[in-house]
Structures are given as C-alpha cells and as structure tokens.
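Q: Could you have a look at this structure, given as structure tokens, before my questions?
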Amino acid sequence: MKRQLILEDGTVFIGEGFGSDIETVGEVVFNTGMTGYQEILSDPSYCGQMVTLTYPLIGNYGINRDDFESIQPSIKALIVREASDMPSNFRSELTIDELLKEKNIPGLSGIDTRKLTRMIRQHGTLKGRLTSMDAEVNEVVESLQHVVLSTDQVQQVSTPTPYPSPGRGKRVVLVDFGMKHGILRELNQRDCDVVVVPYNTTVSSILALHPDGVMLSNGPGDPKDVSEAIDMVRELLGKVPVFGICLGHQLFALACGADTFKLKFGHRGSNHPVKEITTGKVAITAQNHGYTVDPASLENTPLHITHVALNDGTVEGLRHDKVPAFTVQYHPEASPGPEDANDLFDQFITMMEQFLKEEVAHA
Amino acid sequence: MPKRIDIKTILVIGSGPIVIGQAAEFDYAGTQACLALREEGYRVILVNSNPATIMTDTEIADKVYMEPLTVEFISRIIRKERPDALLPTLGGQTALNLAVELSDSGVLDECGVEILGTKLSAIQQAEDRDLFRTLMNELGEPVPDSDIVHNLDEAKAFVEKIGYPVIVRPAFTLGGTGGGICHNDEELKEIVTSGLKYSPVTQCLLEKSIAGFKEIEYEVMRDANDHAIVVCNMENIDPVGIHTGDSIVVAPSQTLSDREYQMLRNCSLKIIRALGIEGGCNVQLALDPHSYQYYIIEVNPRVSRSSALASKATGYPIAKLAAKIAVGLSLDEMLNPVTGTSYACFEPALDYVVTKIPRWPFDKFESAKRNLGTQMKATGEIMAIGRTIEESLLKAVRSLENDVYHLELEDADTFSDEWMERRIRKAGDERLFYIGEALRRGTTVEQIHDWSQIDLFFLHKMENIIRFEEKIASSRDYDVVKKAKRLGFSDKTIAKLWNCSEKEVYEWRCKRDIVPVYKMVDTCAAEFESVTPYFYGTYEDENESIVSDRKKVVVLGSGPIRIGQGVEFDYATVHSVWAIKEAGYEAIIVNNNPETVSTDFSISDKLYFEPLTIEDVMHIIDLEKPEGVVVQFGGQTAINLADKLVERGVTILGTSLEDLDRAENRDHFEQTLQELDIPQPEGKTATSTEQALVIADSIEYPVLVRPSYVLGGRAMEIVYRAEELQQYMTSAVKASPDHPVLIDRYLTGKEIEVDAICDGENVLIPGIMEHIERAGVHSGDSIAVYPPQSLSQQHIDQLALYTERLARGLNIKGLINIQYVISKGEIFVLEVNPRSSRTVPFLSKITGVPMANLATKAILGATLPSLGYGTGLVQPGPGVFVKVPVFSFAKLRRVDITLGPEMKSTGEVMGRDATFEKALYKGLVAAGVSIKNHGSVLLTVADKDKPEAASIAKRFHTLGYKILATEGTASALNELGVPFEVVNKIGQGEKTLLDLIQAGEIQLVINTLTKGKQPARDGFRIRRESVENSIPCLTSLDTAEAMVRVFESMDFEMDPMAGQAKETTQL
Ligand SMILES: Nc1ncnc2c1ncn2[C@@H]1O[C@H](COP(=O)(O)OP(=O)(O)O)[C@@H](O)[C@H]1O
Ligand SMILES: Nc1ncnc2c1ncn2[C@@H]1O[C@H](COP(=O)(O)OP(=O)(O)O)[C@@H](O)[C@H]1O
Ligand SMILES: [Mg+2]
Ligand SMILES: [Mg+2]
C-alpha cells in the first residue's frame, strides 16, 4: 500500500509501505553500512529516529534469532529502496516485513534513498512524518515545524531494573543508556561478571556492587538530556576504572567539564576510519552518533584526545590524565561492522587489573 | 610514512599479450601504476611486449621497452638502465613469475635492484600451493583436504584416501590452465597429466572438491604501516566449481549477513597481514551455504582481474594506490581520489548493485567445449550498475552484445525439458538464459537450485523478471512500464511483448517521462560530496549528472573484449577522448567494459558506465545534447549503432552513415570499387544452396564463403570443391534472402594491410604492413611486418594510390583500414573497414604518427596539413617491426588451431630490431613460441603443400634438425633427397606420432589442413596433441618458412668442403 514520507522542508517521498502501518514522526538519519540491517534497526541508539539505509537491497538474508542488539527495536521507521520478501540465508527465520509488523514499526520502500541521503547531507538531519497518502502535505509540514522531538529517549530504552549477567572474572557494572547487546557479549566473552543497571542508578548503589570497573554504554539522543548520569559519572571517576562507548563517551566528556554539540548529519556506518594518535594506526570502525565532543572545550579539562576521525578530525577517543578512565565515540563491539577496535575491551580488562594491583600496593 | 627518496628509477613489468585469463585489466592497472609513480616524481621504465596497450605509449612511462618478457631480455634492460627498483605486482601472473625468475637468476642482486611492494617471499608463499597451505595451517585458517602431487601415482594415492570428486590445480599457472574437477580415474589421469605439464614446477594441488559452496572474493589492500582494508567484496552467482573469471559475479555480496561478512573480512585481513602484502591483494573464499564453515580457495598477491572489477565497481583506484604504497606511502596519508576530501584508508560503501558477466569466445569456436569449470575460458567481461539485482542483471545481459537483451534464447521453445535440465546442471556459457527459460516453463526455483546450487536469492530475482513479462504483455499502463524499467527490462523486450517496434516503446516512455536519471559512483554512498564524473543510469527520481554548457562530443566504446575486437579498440577510444579534450570539447565516453583504461573515470570529462545499446545511448544523448557522436573508434560495436542513431536524428561525427554503408554493404561496395576502378576478387551473393553452386562454378574454385555482415571472419571458409560447398551451405550457414551468403574467388597471394587517415580531402598513410601468411589466414592471425620486405616500389606506389583513392572515394573523415591481396602481381581489395582497426596502435607506435589523435581532430574539422603531419605515404624510418598474434588454444579444449579466414588469436606482441630476422625472432619469443635451435621437426602436410614443405624441411635439415615425416610427406622429401625418418600415422602400428609428441621427442610440428574426413580428424588430433604438450605447431607453410629464416640467421653454416656435401648429409 502506498505511503508517503513528508519532510519538514516540504519534500515528499512516495513509496510502498511495509511493516506496521502506524503514523510516525521522527528525525530522519542515514546509515551507509552494506550489511547489518538487523543490528541497526535493533540498536537502541536510534531511538526516536527514522533510519534510511543507503544500501538499496535490505532484507536479503532475512532476520535471524541471533543478531538483535536489543529485544525491543526502538527505531521510529525503516526507509529502504527495496525490502526483500524472499530472503536467503541458513539462519533466516523471518522477512524484514514480518519483523517490523511484529514489532509494530512502519517501513517505507521503493523510494530514491540516495536522493534522501543527499538531502540530509546537504541540509543536515531533517524531521519527517511517515503517513498515509491522504495526509495533507502542507498541514504535515506545518506541524513538523512545531513538533519538538522527545528528549527522554534514554529513559525509554534503558533497563528499568538491574539484572546480572554472571561470569567468573572481573565484576563490571554496565550502565545501560540504551546498550547494544554487543557490549555485554564482549564483556562476557572476557569472563566478566556483569551487572547491568539503569541509566539513573546512583553512584552509591553502583559502588555497593563492588565493581572492578564501570562501563558506560552507548545510547540515543543528546547527552545533555541525561544530566543525572553526568553527575554520576563525575563522582565515579577515580573510585573505579571507567570505560565508555558513544553516549557513554560524551557523558564522560561532559562530566569532566568539556562540551558537546550536534553534528550536521552525524556519523552512521561501518566504514569510518579512526586514527589512534599515539601509534598513528588507523582502524575501520562502526559508528552511530549525532553528537560529538567539542575539541576546543577540552582546553582546561583533565582530558586528552586519544583518537580522531581521519576524515573530519572529530574527537573519537578520550582519556583522563589522572584517573583510570577512557572512552571512545565509535563502537568497538562492532555488530554491525568491522571488529578492528575490539581490543579496547582487553585494554579495559588490563586497566581494571592495574587498578587492583595499585590498590593492593596502597593498602 | 613519507614516500621513499632513496630510489629514483623504477622498472615496471607489464603483462604481455592478451590471453584468456590475463586481459586488458593489466593495461588499466599498469597504466594507472606508471602514471601514479611519475606523479610521485619517479623515473619509470616500462617493459611490455604488447603494442595494443595504452601503457606502452611513450607518454605513460619515461622509457618504454617493447621487448619479449623473458629473463634474457629483461636482464639486458636491467643491466642497461640500472633501475633502483622493480615493481612486479601490476603485470599479472606474467610479471610475478618473471620477478621470481629474475631474482633466481641473480641479476637483481647483481644490479642491486630492489623489489617494491609485496616481498618475493610473500609472493612465493601465496603462489606456491604447498607453502600457502602450510601458512594457512599455521594461521588456523581452513583449506580443503589436499595434497601436492608430482606424478600420477601420488595423485591416485590421494584419491584412495579421500575419494572423488577431487579438483586438480597446477601451481604457478594462469587462469587455472590445466586444472579441473575429476569424478573418476580417466578424468584423473587426463587432468593430472596435463596439469603437471602446464605447471612450470611440475606440481599440482589435488584437493577435496567443495563445489557448490558460495564463492566469495575480497579485494583487500595493505600498506607497510600494517593498515589493511577491504575495498570491495563480491559474490559469485555461480557457486564454487566455476572459475571466478567465468562466473557471473555481483558486488557487494548479497546473501551474507554482517556476521558472515565480518568473519570473512577478518580472515582476509589476517591473511594479508601474515603474508605482509604491500599493495593490492585478492582473497578467494568458499562459504558453506548451510553453516559458518568456510575455506580459503586462494590468494592472489597482486592486482588482478577482480581488482580491476572492484575498482570500477566502487570507484576506488586500487592499482594507483597500490603503486603508491609500493613506494612507501601509507593509506592514511593519501586522499581518496574520488571524494578528494576523505582519505584512502576507508572501506567504500556502495549504494547500487554491480553485476559482471564474462564474454566467452564460443560464438566463434562452435566446436569448443562450452561447459565451464575450474579453468577460465572467457576472453573478456562486461559490468553493469543498477539499483536492484534485476536492473543490474538485465543491463549486464544487454551489454554482452550477444544478440541477447533479456533472459531468453532464440528458438528456446525447441529445447526439451531434459536438455534444459542438463544445461542447467552442467554450467555452460548460456546457463543464465536456460534458467530464464526454465522459469518461464514453470520450473520451480527450488528445482533449479537443486540442479545448479545457485543461491535461491538470485533465482528468486530471476523469477521476478520472468514473472513480470506477463504483466507487461497484458498492459500498456504507466505503472507497469515504470516498474518494468526499474526491473531493467530493455525496450527491445517490451517491444517484443507488445509486438511493436523498439522505437515505439522508447517514444511511448519519453512522452510519459519514464526516463532514467544518472547517479554518481562516489565510493561513499553519498556521505561525502564527490568530484568524480562517473555515472550510471537508473530509474529513480534525482538526476546527479549536471549538464555543462560546454560543447560536448560523445565517444562510444567497444564493449567487452572478444576475439576480433580486442584492447586495440580501447586504445583508440582513449586517444580519441584525449584528442577531443585537446580540441577544447567536453569528452563524454559510454562503455561497459570494467577491464579497460577507457572506463577509468580520470580519462574522460564524463564517464557513463552503460550498455552500448541504442536505448541506453540515446538517453545519454537526450540529456547531454552533444555536438555529435564518434563511432569509428569503438570497433563494430559502435559502428553498428550508427544507423539507429542517425534514424533518431543524431549527428555522426566523421565518415557519414551513407559512406560507412558504402564500405560495409556488399553491393554498394562493389559499385564504389567499380567507380573508383579498383579491382576486387570476383564475387556474388547467394541466397540458396543451388544459387551458391552456380555462382561458385562461374567464378571457379577455390572460393571463399561467408555469411554477410560478420565480425572477425566468422563462419568463413575456403572451399575447394562442390561437395564441400554443398556441405557448408547446408551445415554451416542457413542461407536465405535476408541472410545471404557471400561467395568470393579465393585469391592466393600476399596479404597487405594499410591504415590511413583522411580529413575528407587529404590522406595520410602512416604505413603499409605486409603479412607473412598468404591471404586466407585472417589478417588478425597473420604475422604483420613493417616496413614491407618483399614489395616492389611499383606495388607500394600502387597501394598508396588505391588507398588514397578509396579514402577520398568513400569521403572518409577519420580512419580507414584496408586489406589487399597481391595475386599474380595484381592488387585486389579484400576489405575496407571505415573505422579504427586492430593495427592502429601498432602502426601509431612504430611510425610515431598519433593516428587516433589526428583522426579525431580531422573528425572535428581540422585538416591534416594544419595538424603538421603532411599527407601521402610516410617514409619508413630505420628498423623492422613485426606484429605476432598470440593464441589461447591451451585454454580452449577441442578448438582446431588451424589458421584460416576466421580469426582465432586473442592478443598480439611486437618484435622490433635492425633486421627482419631478428625482429621476427623477438616476436616469436615474445609470443611464447618455444624456439629450440636443434631437435626434431615433424612434417605431415596436405598433398598440395608437399613440394613446398619438402624444401622447407631441407633447410631445417641443413641447420642440423632431425626430420620426421608421415609416409606421403616423406615421399616428397625423398625427391629432394632430404634425409628423414618415417613415423607412424595415427592407428598405424604401436608407436605413432602422437606418442612421440607426448614423449616430448618432437620440438616443432608442421601440419597443414587436409580435407576429407579421416585425415582431417587425424590432423586435428595431431594439432591438439601439440597444443596440450605446448609444442609449437605451424599450420601455415609461410610461418614455417619465416621461422626457418630466423634459425638460419642465428646459425652458422655447417657444410663440408665442396663436393662432399651430398654424402655427408646422407649420414
Ligand atoms: N576445492 C575446490 N573444489 C571445487 N572447486 C574449486 C576448489 N578450489 C577451487 N575451485 C574452483 O576453481 C576455480 C579456480 O581456482 P583458483 O585456485 O582460483 O585458480 P586460479 O589461480 O586459476 O584462479 C575457483 O574460482 C573455484 O571456483
Ligand atoms: N577473396 C579472398 N581471397 C583470399 N583471401 C581472402 C579473400 N577474402 C578474404 N580473405 C581472407 O580472409 C580474411 C578475413 O576476411 P575479411 O574480409 O578481412 O573479414 P574480417 O571482416 O573478419 O576482417 C582476410 O584477412 C583474408 O586473409
Ligand atoms: Mg582464482
Ligand atoms: Mg579483415
């Protein structure tokens, strides 16, 4: 059934609806990964966003039971050139249409996704509404100009209650701002004894779990919308080793007095080169962020830049000068995307071991 | 890491002649590499024996050597030029193997030449199947059960262990030469024996067959700082078991989830890191469709056919960056040339689907085994870009120029279901079309999957296409047509379904604005602003191809490389584009061949990577509104579009359509020649067998017969008797009023080839080439010599005169190519091609006349005098130049190698030196003819050739060769008193000449075509046996005579004192 995507600037894309046929409003962003649509649509960092995939054929290998990054996908809509109804892969269990119906997420196919992508590249991310054909375009545009997109995405996707993911190794408290399962997987693979806690957990209750380290997860939206977390991180520093990813990285920066701002259209894809300053080594990384840390604002903070994006020089990694804490803007847990930066998790483990030794020494 | 400043001069080795498995992709890679190195300020010395390439142009390297690619000759170049370094990874397998040999020979150490890029040790580790397997085991990367064998017994022993099927892969060979899959003992014997023969190290890998797995390729790059990236991955639609070069391939992979994609990516990068690759590399993997199980098939530690494809598929210039990596630059300090803003250290993101389909030579070699396996048979390939699989696939199909525009075959209705099943089970060149037909007949995709192992994903897409045919047939409604075009349907197909003309469909669409837009290939899926003028057409909303206000000229390329239309035409196309730019126009090229230089987006002002059909070309013209279109450099491909273009009101720049027709249309041509008073072999057109026989009698046998309008002398035969003609008319061609057959008097004599440039008034003749083989051997298959060695001045003047008369008479604006035969002292015209020809690059290079450039300027209105090159016949300078054809018979089982009027060669080399003999020697060596100046020569020739053969034998004998001959031929030798040894014919006694050939007791075979069933068949076996044993087999006495001359020139006389000669030679 034909449906239309109406953008705040008045552009209309008419295509075939698939998945659920509910109306939806959101911020339209694009991802350039050629594989990994299942991971992308289930990545909580996309909460509140309509995601268009630049690769035209989506759903080719179907949906399987393993590759979800969260149990409840939270994207607003999926926009593609073609959604495959005949997937082929030994793990495939559903078509993408079936999944979106089941999760009550609308999809739009058959549109010129490259045109949409170029618009976003030129004008920056745009608000849009995915709706039925009988919607009155001017009215929609009118209303779009006034809608304020929600600012509580983290609350929406974070776990309401703590839960353990036991292991025999280091005790890690993983603060869930909209965590991708990949992060948990990487920690468990390293035998970590993980406790996942809600985004608004207090420092005292975190420390009460006697963690060897705290991991700040990725998550959706503007880091400044989760002020309680910023304070929490500030207090944590020094007491226990901290490793942050994506939103966790931005919160760490804010906690240390730096500032963040919104990028024109963000970094979303699986081919982003990131250079490690000390070694000069470049890793190809998976990224998904609309905000970034302002390098100028690092001036008189205890932070220094460890990684930069090769292409636009944006801050990709930070380390605290005095206390054991480092963070990256990109996704070392990959899924989807290259696993080049996977060793950061090992660095986190080593950091925790280091910290323990020193404690013993001081005791 | 900054570039090396300790080296100044770099020697680059090219890949030599075009053969199956090593084609134009290395002209593209080599050219890019040389330019990249010079861009960085290095002095580049290039050696390559292939004159038909851009890379051997003097503008590409500081010094270009066109010498045989052998250790002997390259060592001399090294000693002379003293390069600091050698770059071997851009000249294909040839250059790689040479690098190994050169280093073994010690000359590199002797002259302190460093090997740049990937280290030799790594090359050997990747190429030597045994070393490679060991490395994989160390890395814990899976390879199929396998064993290295050096003889048949070892092979048998291995099969005992793991059972059939097994596959045989010779070490260090091109395109799987000599390899194959064995299901039983006979096949094992045959394939292992040939495999060992072809492997320079008599080593084969026997491997458990994993046929049926998904075949996936990763094109990867690594720099000395250990940055490693994937440029592109590709999925073969044809599963493992069919050579990637013979497989239909799509990019990126379609049926791999991110997990599988990353798993194979990690594996590929791990391997190139372990090997220490510095540059481009190709990793081939096999993935079980039902699990995560994968195997490494092989690694090519160099740029390859696939990397050319990957470059064109993504826009990422692999060869260029590989060359820069070789001199020390690292990926993160080089900008991505496509975006100009982002860096080369990233992984391209595609937002379209690329399909590659190989182009096979079976249309010329009806007798050849058409089925495909682990040994490559394609001569070229085409690529198409679309936004869906369907669009991409159908665009690819119509790019093939095989008279197919859709997933259908002519008279498909006549095929039985059994036949179809067989052709789908056992892959052949036409499998894709059989699948289309099967789906049309309602065969389920599951069934076809079961037969072919082709992934259901692709079969479903094909089904979508077939299913939609009915929809189109049943309605002319806007939405249906729009959908059809989005699915890639050609107007031709829609027209067929509507039964109306293609033109009507085109106009119907345009009226309703159903036209394609053009999107940019930008490596980054539009994430960054890009500057590349590289476009493909698709049926979407937004057009990105901004039309400039400059005056424009469109040049049509020559499409896929095939026998009869090779890289020579790409050479001319590129030079035409350059000339157009020089003349101040915007040069726009349309082509679909991913291997070539012309489709490098940095050549033209705008590149449209599109099929060369009237529909696709017209859409570009509608958008760009050029001054006109240049068709004379794109071979027959472009010429054949001329009339349709004119019909649609497009201006053809250069020679007009009428004049093209006067040269190409048989009757008009005859008229023209009469008007110009230039003799032509007597000939007539027959539309029935009866008529043919009458005509033949009237003009006297032997006659030369062929269907009208053919390229590369297809289905052309010399016929000596009425019975033969009868047989030809009934079996070879179906003569009918609209498919007439041409019957010409066959004139024996010297064949001459001339190319000229004409501005409509003045004619410039860069040179005249004399063929060594007499007329009857296709001009493309004969050895051409410049300047002519045996022509009288009077003949030369006459040829120049005729050529000028023809050029003017046909109002040629641009290039003209003429073939003459001099029979009994009289000159006849055989053929006139009003276009660029196979010999243009050769002549341009040896005479220094930039033919394509001048022709283009003339086309754009300049006069030759104004261009400063004078007119008339250019006087030859010093030196003799020969052009020697190169064949790929080893790759094509069951093809008869006899030279005839039908072209069979795939490539060519050049030999140059002070004398004819020296030049020819080089030419032969460069062509890979193994020349031994002693040993045994076997003669077995047709009766008509015996006397001539005997005199040649005598000369071989004088040089100290042992002469072997079959009875008949022997008697002729007797008469000349040449000592010889009789050998048994096939089926004569136990040890026949075949055994001798196999036993390697014969160094040269001279065999001419004998008519009549039995001898014909024997002759065929003798010739094939020679090929399989890589023993030179000459089928023309002219070639033999020339070769003997070469030997004589190299040899000192060995005669006893006067008077004794006879007796002693008798000993
Ligand atoms: N073990 C195997 N079983 C079945 N087919 C194989 C096997 N190994 C290779 N092949 C097929 O043979 C083709 C050629 O093998 P490859 O090692 O790539 O030789 P080449 O050097 O000629 O490319 C491959 O493309 C693949 O399709
Ligand atoms: N009348 C003829 N007499 C002798 N040889 C001929 C004659 N016509 C053609 N040939 C031979 O056949 C070859 C191919 O014929 P040609 O007309 O040039 O076809 P193509 O279009 O393939 O070049 C020529 O190169 C020549 O050697
Ligand atoms: Mg291969
Ligand atoms: Mg010819």
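The values are calculated or read from the model by the stated rules, or taken from the named source; none is laboratory data. Note that this is a predicted model, so its numbers are computed, not measured. Heads up, the Cβs are rebuilt from the backbone with ideal geometry, glycines too, and the neighbour counts pull from every protein chain shown.
Q: If a residue has to be part of a loop (DSSP other than H, G, I, E, B) and of a type in the set (A, V, I, L, M) to count, how many in the range B:33-72 make the cut?
A: So the first thing to find is which residues in the range B:33-72 are part of a loop (DSSP other than H, G, I, E, B), and the list is B:40-42, B:48-62, B:66-70.
Still in the running and of a type in the set (A, V, I, L, M): B:52, B:54-55, B:60-61, B:66, B:69.
Here the count works out to 7.
Q: I would also like to ask the following. Taking the options B:Ala344, B:Ala319, B:Ala323, name whichever one is free of Cβ contacts under 8 Å to residues at least 60 places away in the same chain and closer than 18 Å to B:Gln32 by Cβ. Step through it out loud before you land on a result.
A: Numbers: B:Ala319 fails: free of Cβ contacts under 8 Å to residues at least 60 places away in the same chain; B:Ala323 fails: free of Cβ contacts under 8 Å to residues at least 60 places away in the same chain.
That would be B:Ala344, the only listed residue that is free of Cβ contacts under 8 Å to residues at least 60 places away in the same chain and closer than 18 Å to B:Gln32 by Cβ.
Q: Just to be sure, is B:Leu432 within 14 Å of chain A (Cβ to nearest Cβ), part of a helix (DSSP H, G or I) and under 20 Å from B:Leu487 (Cα atoms)?
A: Details: within 14 Å of chain A (Cβ to nearest Cβ): no; part of a helix (DSSP H, G or I): yes; under 20 Å from B:Leu487 (Cα atoms): yes.
Judged against the criteria, B:Leu432 is not a match.
Q: Just give me the residues in the range B:640-669 being in contact (Cβ under 8 Å) with a residue 12 or more places away in the chain, assigned to a helix (DSSP H, G or I) and under 15 Å from B:Leu810 (Cα atoms), in sequence order.
A: If the condition is that a residue be in contact (Cβ under 8 Å) with a residue 12 or more places away in the chain, assigned to a helix (DSSP H, G or I) and under 15 Å from B:Leu810 (Cα atoms), then B:Leu657, B:Asp659, B:Leu660, B:Asp661, B:Arg662, B:Ala663, B:Glu664, B:Arg666, B:Asp667, B:Phe669 are the ones that fit.
Q: With surrounded by fewer than 18 Cβ atoms within 10 Å (Cβ to Cβ) and in a helix (DSSP H, G or I) as the only criterion, which of B:Glu469, B:Glu463, B:Glu504 stands out? If you could, list the steps in order and put the result at the bottom.
A: On the way: B:Glu469 fails: surrounded by fewer than 18 Cβ atoms within 10 Å (Cβ to Cβ); B:Glu463 fails: surrounded by fewer than 18 Cβ atoms within 10 Å (Cβ to Cβ).
Matching residue, one of B:Glu469, B:Glu463, B:Glu504: B:Glu504.
Q: Could we say that B:Ser782 is within 15 Å of ligand 4 (Cβ to nearest atom), polar (S, T, N, Q) and under 12 Å from B:Lys750 (Cβ atoms) here? Walk me through it before giving the result.
A: Numbers: within 15 Å of ligand 4 (Cβ to nearest atom): yes; polar (S, T, N, Q): yes; under 12 Å from B:Lys750 (Cβ atoms): yes.
Answer is yes for this residue.
Q: Let me ask you something else. Restricting attention to the range A:102-120, and to residues there that are over 18 Å from A:Met34 (Cα atoms) and within 13 Å of chain B (Cβ to nearest Cβ), which single residue is nearest to the chain's Cα centre (by Cα)?
A: Taking the candidates together, the pick is A:Ile120.
Q: Further question: Looking at the range A:43-101, which of its residues are within 14 Å of another protein chain (Cβ to nearest Cβ), of a type in the set (Val, Ile, Thr) and surrounded by fewer than 20 Cβ atoms within 10 Å (Cβ to Cβ)?
A: Listed by number, the list holds a single entry, A:Thr95.
Condition check ((1) small (Gly, Ala, Ser); (2) within 16 Å of ligand 4 (Cβ to nearest atom); (3) within 22 Å of B:Val909 (Cα to Cα)) across all residues:
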{"residue": "B:Pro788", "(1), (2), (3)": "no, no, yes"}
{"residue": "B:Gln793", "(1), (2), (3)": "no, no, no"}
{"residue": "B:Arg805", "(1), (2), (3)": "no, no, no"}
{"residue": "B:Lys813", "(1), (2), (3)": "no, no, no"}
{"residue": "B:Gln819", "(1), (2), (3)": "no, yes, yes"}
{"residue": "B:Pro834", "(1), (2), (3)": "no, yes, no"}
{"residue": "B:Val840", "(1), (2), (3)": "no, yes, yes"}
{"residue": "B:Leu860", "(1), (2), (3)": "no, no, no"}
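Q: Evaluate the following for A:Arg129: is it free of Cβ contacts under 8 Å to residues at least 12 places away in the same chain, crowded, with 16+ Cβ neighbours inside 10 Å and not hydroxyl-bearing (Ser, Thr, Tyr)?
A: Values: free of Cβ contacts under 8 Å to residues at least 12 places away in the same chain: no; crowded, with 16+ Cβ neighbours inside 10 Å: yes; not hydroxyl-bearing (Ser, Thr, Tyr): yes.
No.
Q: Sticking with this one: Just wondering, is there one or more residues in the range B:243-256 that are in contact with a Gly (Cβ under 7 Å, 6 or more places away or on another chain), away from ligand 3 (no atom under 14 Å from the Cβ) and either in a loop (DSSP other than H, G, I, E, B) or more than 23 Å from B:Asp145 (Cα to Cα) (or both)?
A: Quick first cut of the range B:243-256, residues in contact with a Gly (Cβ under 7 Å, 6 or more places away or on another chain) only: B:243, B:245.
Next, only the ones that are away from ligand 3 (no atom under 14 Å from the Cβ) stay: none.
Looking through the range B:243-256, none of the residues is in contact with a Gly (Cβ under 7 Å, 6 or more places away or on another chain), away from ligand 3 (no atom under 14 Å from the Cβ) and either in a loop (DSSP other than H, G, I, E, B) or more than 23 Å from B:Asp145 (Cα to Cα) (or both).
Q: Answer yes if at least one residue in the range B:823-838 is within 11 Å of ligand 2 (Cβ to nearest atom), of a type in the set (Phe, Trp, Tyr) and closer than 24 Å to B:Ser1036 by Cα, and no otherwise.
A: Yes, the range B:823-838 contains a residue that is within 11 Å of ligand 2 (Cβ to nearest atom), of a type in the set (Phe, Trp, Tyr) and closer than 24 Å to B:Ser1036 by Cα.
Q: Let me ask something else about it. Restricting to the range B:709-731, and then to whatever is among the charged types (D, E, K, R) and at pLDDT 85 or above, can you tell me which residue is nearest to ligand 4 (Cβ to nearest atom)?
A: Once the filter is applied, the top-ranked residue is B:Glu717.
Q: Another question about this same structure. Does the range B:17-33 contain at least one residue that is within 21 Å of B:Ser311 (Cβ to Cβ), modelled with pLDDT under 95, of a type in the set (S, T, N, Q) and surrounded by 17 or more Cβ atoms within 10 Å (Cβ to Cβ)?
A: Yes.
Q: Now for a different question. Can you name the condition, by its number, that B:Asp332 falls short on among (1) closer than 29 Å to A:Pro332 by Cβ; (2) at the interface with chain A (Cβ under 10 Å from one of its Cβ atoms); (3) under 30 Å from the mean Cα position of the chain (by Cα)?
A: The number of the failed condition is (3).
Q: Next up: Could you grab me the full set of residues in the range B:466-501 that are touching a residue at least 40 places away in the same chain (Cβ under 8 Å) and within 20 Å of B:Glu610 (Cα to Cα)?
A: B:Lys482, B:Lys485, B:Arg486, B:Leu487, B:Gly488, B:Phe489, B:Ser490, B:Asp491, B:Lys492, B:Thr493
Q: Tell me whether the range B:350-372 contains one or more residues that are surrounded by fewer than 21 Cβ atoms within 10 Å (Cβ to Cβ) and modelled with pLDDT of 95 or more.
A: The answer is no; no qualifying residue exists.
Q: Here's something else I'd like to know. Being more than 25 Å from the chain's Cα centre (by Cα) and either away from every other protein chain (no Cβ under 12 Å) or within 16 Å of ligand 3 (Cβ to nearest atom) (or both) is the filter here, so list the residues in the range B:225-238 that pass it.
A: Passing the criteria: none in range.
Q: Would you tally the residues in the range B:551-587 being buried (at least 24 other Cβ atoms within 10 Å of the Cβ) and touching a strand residue (DSSP E or B) at 6+ places or on another chain (Cβ under 7 Å)?
A: Here the count works out to 16.
Q: Related question: Just checking, which of B:Glu753, B:Glu773 is over 18 Å from B:Pro834 (Cα atoms) and within 13 Å of ligand 2 (Cβ to nearest atom)?
A: On the way: B:Glu753 fails: over 18 Å from B:Pro834 (Cα atoms).
Within the list B:Glu753, B:Glu773, the selection yields B:Glu773.
Q: Count, please, the residues in the range B:239-271 that happen to be closer than 17 Å to B:Ser304 by Cα and within 14 Å of another protein chain (Cβ to nearest Cβ).
A: The number of residues fulfilling the criteria is 3.
Q: In addition: Which count do you get for residues in the range B:344-395 that are closer than 30 Å to B:Ala484 by Cα and either more than 14 Å from chain A (Cβ to nearest Cβ) or of a type in the set (D, E, K, R) (or both)? Don't jump to the end; show me each part of the working.
A: At the first step, the residues of the range B:344-395 found to be closer than 30 Å to B:Ala484 by Cα are B:348-360, B:363, B:380-395.
Subset that is either more than 14 Å from chain A (Cβ to nearest Cβ) or of a type in the set (D, E, K, R) (or both): B:351, B:356-360, B:363, B:380-384, B:387, B:390-391, B:394-395.
Residues flagged as closer than 30 Å to B:Ala484 by Cα and either more than 14 Å from chain A (Cβ to nearest Cβ) or of a type in the set (D, E, K, R) (or both) within the range B:344-395 amount to 17.
Q: Next up: Pairs under 6 Å by beta carbon, first residue over 15 Å from A:Gln189 (Cα atoms) in the range A:346-363, partner at pLDDT 95 or above and surrounded by 14 or more Cβ atoms within 10 Å (Cβ to Cβ), six or more apart or different chains?
A: Cβ pairs passing all conditions: A:Met351/A:Pro241; A:Met351/A:Pro324; A:Met352/A:Lys170; A:Met352/A:Asp212; A:Met352/A:Gly213; A:Met352/A:Pro241; A:Phe355/A:Pro241; A:Phe355/A:Pro324.
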